[in-house]
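The values are calculated or read from the model by the stated rules, or taken from the named source; none is laboratory data. Keep in mind it's a predicted model, so treat the numbers as computed, not measured. We place every Cβ from the backbone using ideal geometry, glycine too, and count neighbours over all the protein chains shown.
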Amino acid sequence: MDEAARICARLLVAGAVRRQEIPDLDHPEVRADVELRLSQCGLSLATSAYSDHVGLRLSSEVADATVLDAASNRGLGADACALLTVLWARLALQRRTAEDSRMTPDLQAPLLPEDRREAARLFTPFVRFETLAREFGSQLGGRTRMKSILGRLRRLGFVSYRRLDQIEAGPLLELAIDGEKMVAFIRSRVLSRLLEEPPAGEETAPLDQALEDRVMGVLAAAEEPCGIAEIERRSGIPRRRLGKILKVLREDGKIEMIDARGQARYRPAAPEED
């Protein structure tokens, strides 16, 4: 078997292979032969300056135009693709940012430029399952469903972990997803929602009313006044948006805030007497 065929076979079986394990791919003739053979079956070589792996991706002629195309989501449902987007932002994007800026989030970053470059190159961000469950559990079907999704993403090579308190990026999180499309998607769709700047003509009042009703339902069902963390957990509304909703409800006189042992807690406002 020639070297190009061997590399293609390894990639097809493994999905992603470390660069150092296939050094012959650095030879222009071998790489051209590999790319030609892959293109004949609708595949292309996936590489990234931010990854030490080489993988496969559907060629542009057969891939969907969406961010998570058929090569990326491997038949995953909408909830799995949503979690995949979150993980890409928390893990792949953080590493890209560290390498581009040559700065890591560590409080004690190296002083020398060459040490900062090396630290940024070796930086491996991770996220805890409890953090994901707290922020997105209610939207993604609960803890059990999220663990099932994470298990499948690990088998596919999108994430890697031994313990759920340290979930790291797998090779395909960088290679199988088009990073430029994902960044554009996050900027145009996700950030606009977080910043509450919807596209022109989009109605937001019904959504705001639904969220306010959800918060009122949580407080009405609670036996005692709730702190914002408890309201966030029960309602599934992100903390940034929840704070604004609580402020509106207080201004409208629908809820009241009390200070319980130095912590703000909320409860439905008492009905006015005639």
Residue tally, condition modelled with pLDDT of 75 or more and in a loop (DSSP other than H, G, I, E, B), over region 40-75: 10
State which residue pairs qualify: first residue of a type in the set (D, E, K, R) and inside region 1-24, second residue part of a helix (DSSP H, G or I) and surrounded by fewer than 15 Cβ atoms within 10 Å (Cβ to Cβ) in any location, beta carbons under 6 Å apart, and separation of 6 or more residues or different chains. GLU3/ASP24
Per the filter on region 129-148, residues in a loop (DSSP other than H, G, I, E, B) and touching a Lys or Arg at 6+ places or on another chain (Cβ under 9 Å) are GLY137, SER138
Do you know which residues across region 137-159 are more than 16 Å from ILE177 (Cα to Cα), modelled with pLDDT of 90 or more and in contact with a Leu (Cβ under 9 Å, 6 or more places away or on another chain)? MET146, LYS147, ILE149, LEU150, ARG152
Please state which one of LEU207, LEU219 is under 22 Å from GLU135 (Cβ atoms), in a helix (DSSP H, G or I) and at pLDDT 75 or above. LEU219
